[in-house]
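The values are calculated or read from the model by the stated rules, or taken from the named source; none is laboratory data. In this text, all values refer to a predicted model and were calculated from it rather than measured experimentally. Using ideal geometry, Cβ is built from the backbone for each residue, glycine included, and neighbour counts are taken over all protein chains shown. Only protein heavy atoms, including side chains, enter the accessible area calculation; ligands, DNA and RNA are left aside. Shrake-Rupley method; radii C 1.70, N 1.55, O 1.52, S 1.80 Å.
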Amino acid sequence: MNKKEIIDKCIESYSRLKNLKLVGLEVGIPWQTVYVYLKQAGISVTGDKSRYGSATDRVAVIGEQRFRQAVPFATDNNGLKFQASIDFNIKNLTIDVKTSKLQHKNNCKKSSERWAYCINKQKDIADMFVFYALNDEMETEHVFLMPNELVTNNSTISIPKSGKSKWFDYKIDEHELADFFRQLVA
């Protein structure tokens, strides 16, 4: 194969595998060379958190995919850059999507079930947060929409399943997200 054929094979293989090492093995060249060829071809090297990410990454992908379906006109920054600092943009509005699976905590005195979200890295750069609360079957139990101004003094948001929290005031139906964001950027 000539160099152009190898580059084309790298592009095709990466579009399927989203993993530099696996592409290198498939094409028969070092992953570093795959990276150079993809960058020269203008291909974003973004990886695939749903296949190769940590357990937390795989949960995060669920909320991001659901938000993408609910608000299809939002620009998905994760498709443009690996581990983008902000998940979505709509015009100049920045939106970070956080996803938590229901956590079951038991101690001697009581048990509590809650969803927990870490916003420390995004609280200074996201305009809006969308929190997906998943049940044990990974289905969406709740969606919360919070403007940055409401959470800027927090590093984490903890929402009890009981609903006894100020955060439940910001619960929204997922199908309302698109209309909200259309109005906000109009």
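Would a scan of the range 135-148 turn up a residue that is assigned to a strand (DSSP E or B), over 13 Å from residue 63 (Cβ atoms), polar (S, T, N, Q) and over 17 Å from the mean Cα position of the chain (by Cα)?
No, the range 135-148 contains no residue that is assigned to a strand (DSSP E or B), over 13 Å from residue 63 (Cβ atoms), polar (S, T, N, Q) and over 17 Å from the mean Cα position of the chain (by Cα).
Evaluate the following for residue 152: is it assigned by the TED database to the domain that holds residue 102, open to solvent by 60 Å² or more (accessible area, probe 1.4 Å), at negative phi and β-branched (Val, Ile, Thr)?
no
Looking only at the range 153-176, which residues are in contact with a helix residue (DSSP H, G or I) (Cβ under 8 Å, 6 or more places away or on another chain), under 14 Å from residue 133 (Cβ atoms) and assigned to a helix (DSSP H, G or I)?
170, 174
For a quick check of your reading: which strands (runs of 3 or more DSSP E) sit entirely within the range 27-107 and have at least 1 residues that are more than 26 Å from residue 126 (Cα to Cα), modelled with pLDDT of 75 or more and open to solvent by 90 Å² or more (accessible area, probe 1.4 Å)?
In the range 27-107, the matching strands (runs of 3 or more DSSP E) lie at 103-106.
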